[in-house]
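Below is one structure, written out as structure tokens; the observations come after it.
The values are calculated or read from the model by the stated rules, or taken from the named source; none is laboratory data. This structure is a prediction, so every number in the text was calculated from the model and none was measured. Counting neighbours? That spans all protein chains shown, and the Cβs are built from the backbone with ideal geometry, glycine included. Accessible surface is based on the protein model in full, side chains and every heavy atom, while ligands, DNA and RNA are left aside. Shrake-Rupley method; radii C 1.70, N 1.55, O 1.52, S 1.80 Å.
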Amino acid sequence: MPPSIPHADRLVLRNATVPAAVTGEDSSGALRRSDLTLRGGRIEAVEAAGVAIDPAIASHECDGGLVLPACVDVHTHLDKGHIWPRKPNPDGSWLGALLAVGDDRTNNWSPEDLRRRMDFSLRTAYAHGTAGIRTHLDSVPPHHEITWDVFDAMREKWAGRVELQAVALIGPDQMLEPSILDDVARRTLASNGILGGSVADHPRACEAVFAAVEKAGDLGLDLDLHCDETGNPEANALRYLAEAVLETGFEGNVVAGHCCVLAVQEADWARVTIERAAEAGIAVVSLPMCNLYLQDRSPASETRTPRWRGVTLLKELKAAGVRVAIASDNTRDPFYAYGDLDGLEVLREGGRIVQFDHPADRAFQWVRAVGADAAALAGMNYKALIDAGQPADLVILRARNWTELMARPQSDRIVLRQGRPIEMSLPDYRELDDLMGVQ
């Protein structure tokens with residue numbers, strides 16, 4: 001059991017190991033031994049270890065353990081979460097997932113069903129130490145009215161604990177239908193949301209992307225599109241998105257998720273796409289766990305091992321100046337059978353899948369991919385930084401370095417919100433049994 005932390009208005013976390021990357025040295029992999037003074041729910045000071053030695057102030061001895069900012073999960077699907085028990089993916093494929101979710105949405109997504117599953121997911125993320133979430137919401141009419149109403153209620157309920165953003169998710173066929181696109185965009189605007197859609201592999205992908213960019217520009221909405229979640233090298237939604245942004249002069253914030261196809265395209269073509277994305281100011285979010293799970297499956301999956309990892313060229317994008325992050329994506333639904341909205345799991349698995357653990361002396365800059373960089377590209381109020389004046393929303397670990405952090409799931413972590421330890425018990429899956437038809 002981890003040691004208890006005093007409930008005090010002023011508290012010092014002594015001998016903490018803090019990555020320089022979350023204190024203002026964005027690209028640094030250095031670690032600093034520090035004392036953190038917390039007061040009134042915020043960080044009052046970050047000093048070299050041993051400086052904050054006033055014995056009158058309550059303290060917690062970190063013994064060299066890492067202290068990180070609470071995580072930001074910038075690409076999730078709270079409306080789909082936890083439906084796997086009643087609607088598994090029949091073959092593990094992307095198309096199998098799409099069809100399964102569509103069927104479950106039509107037959108089961110009542111306001112009460114959505115509310116309970118979303119709340120379950122948010123309680124899980126909060127207990128793990130997440131302070132900001134962006135979720136995509138299935139918004140094909142007429143279901144968009146139900147989904148957005150439930151999200152609005154969840155955002156209000158969780159205000160002050162998890163900063164929530166939402167993105168309207170429709171397919172290319174809906175993006176190509178002006179009346180549907182306008183209806184969805186205006187409902188999104190009413191909830192101060194973000195316009196989005198998914199363009200994986202479609203014969204009119206260029207038109208669909210341009211339509212979304214133009215509609216977002218007309219209504220003053222930001223954009224967050226699923227792009228090229230496929231292994232077909234002919235897919236080019238990210239290239240079309242960059243061209244649309246540049247040609248239209250779109251001024252809003254633009255995020256592209258997945259972009260898997262870059263890893264299987266010819267190197268020069270991928271390089272030019274990356275350059276265009278950087279020129280257009282598009283940020284890219286990679287979903288390493290879900291894309292490893294879905295991509296390169298085949299009907300012969302029992303006898304054929306996948307040939308590629310499914311993820312995009314994250315290092316190349318970052319090197320080109322593209323803002324990047326990694327995130328959970330789906331949770332226990334047909335698109336991904338696993339996951340628990342745990343930002344540290346995303347970091348750990350991302351390090352293994354994308355191999356950003358080397359060079360070892362720079363690996364800790366990647367904690368920003370589930371924190372400060374994710375928060376920045378989403379424009380969140382929460383910044384996921386450790387600095388004077390920032391919220392004391394922190395995760396305290398026993399792990400002292402990269403290998404200790406990555407080797408275990410950090411089940412003994414302590415989560416502080418506004419400087420106070422929270423209850424970290426995870427909700428029991430049995431709570432959802434009646435929704436799943438489990439007897």
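Solvent-accessible surface of the chain, taken per residue with a 1.4 Å probe and all protein chains present: 40 Å². Using alpha carbons only, how many angstrom separate the centre of segment 250-266 from the centre of segment 141-164? Measuring centre to centre over Cα atoms gives 26 Å. For Gln439 and Ala30, what is the calculated FRET efficiency with R₀ set at 51 Å and r taken between the beta-carbons, to the nearest 0.05? Efficiency, from the Cβ-Cβ distance: 0.40. Other residues with beta-carbon under 13 Å from the beta-carbon of Phe335 carry, at +1 per Lys or Arg and -1 per Asp or Glu, a net charge of -2.
Of the solvent-accessible surface of segment 49-96, computed with a 1.4 Å probe and all protein chains present, 60% belongs to carbon and sulfur.
Here the Karplus relation 6.51 cos²θ - 1.76 cosθ + 1.60, evaluated at θ = phi - 60°, turns the backbone of segment 16-23 into coupling constants of 8, 9, 10, x, 4, 4, 9, 10 Hz, with x for every Gly and Pro. Over segment 380-439, the alpha carbon radius of gyration divided by the compact-protein estimate 2.2 N^0.38 Å works out to 1.59. On C-alpha positions alone, give me the angle between the axis of helix 267-280 and the longest principal axis of the chain, in degrees, nearest 10. Here the helix axis deviates by roughly 70 degrees.
Across segment 31-188, Cα-Cα distances exceeding 21 Å account for 58% of all pairs.
So how exposed is Leu394, as accessible area in Å² (1.4 Å probe, rounded to 10)? Counting only protein heavy atoms, the figure is 0 Å².
A probe of 1.4 angstrom, applied to the heavy atoms of all protein chains, finds Met424 with accessible area near 60 square angstrom. Helix 143-158 and the longest principal axis of the C-alpha atoms of the chain enclose an angle of approximately 10°. Computed in the context of the full set of protein chains, the accessible area of segment 271-374 at 1.4 Å probe radius has 48% of its extent on carbon or sulfur.
For Arg368, the shell of other residues with beta-carbons less than 14 Å away shows a net charge of -1, using +1 for Lys and Arg and -1 for Asp and Glu. Once the Cα atoms are used to define both axes, helix 94-108 deviates from the longest principal axis of the chain by about 90 degrees. Counting only Cβ charges, +1 for Lys and Arg and -1 for Asp and Glu, the dipole size of the chain around its Cα centre is about 1220 debye.
May I ask for the net charge around Gly41, where only other residues with Cβ less than 12 Å from the Cβ of Gly41 are counted and Lys, Arg are +1 while Asp, Glu are -1? Its environment carries a net charge of +2. Amide H of Ser59: which non-local residues (sequence gap of 5 or more, or other chain) have their own amide H closer than 5 Å, using H built in the peptide plane? Residues meeting the criterion, in which the H sits 1.01 Å from N, are Val12. How would segment 26-95 be classified by its alpha-carbon gyration tensor: rounded, prolate or oblate, with rounded meaning a/c under 1.5 and the a/b versus b/c comparison settling the rest? Note, shape of segment 26-95 comes out prolate.
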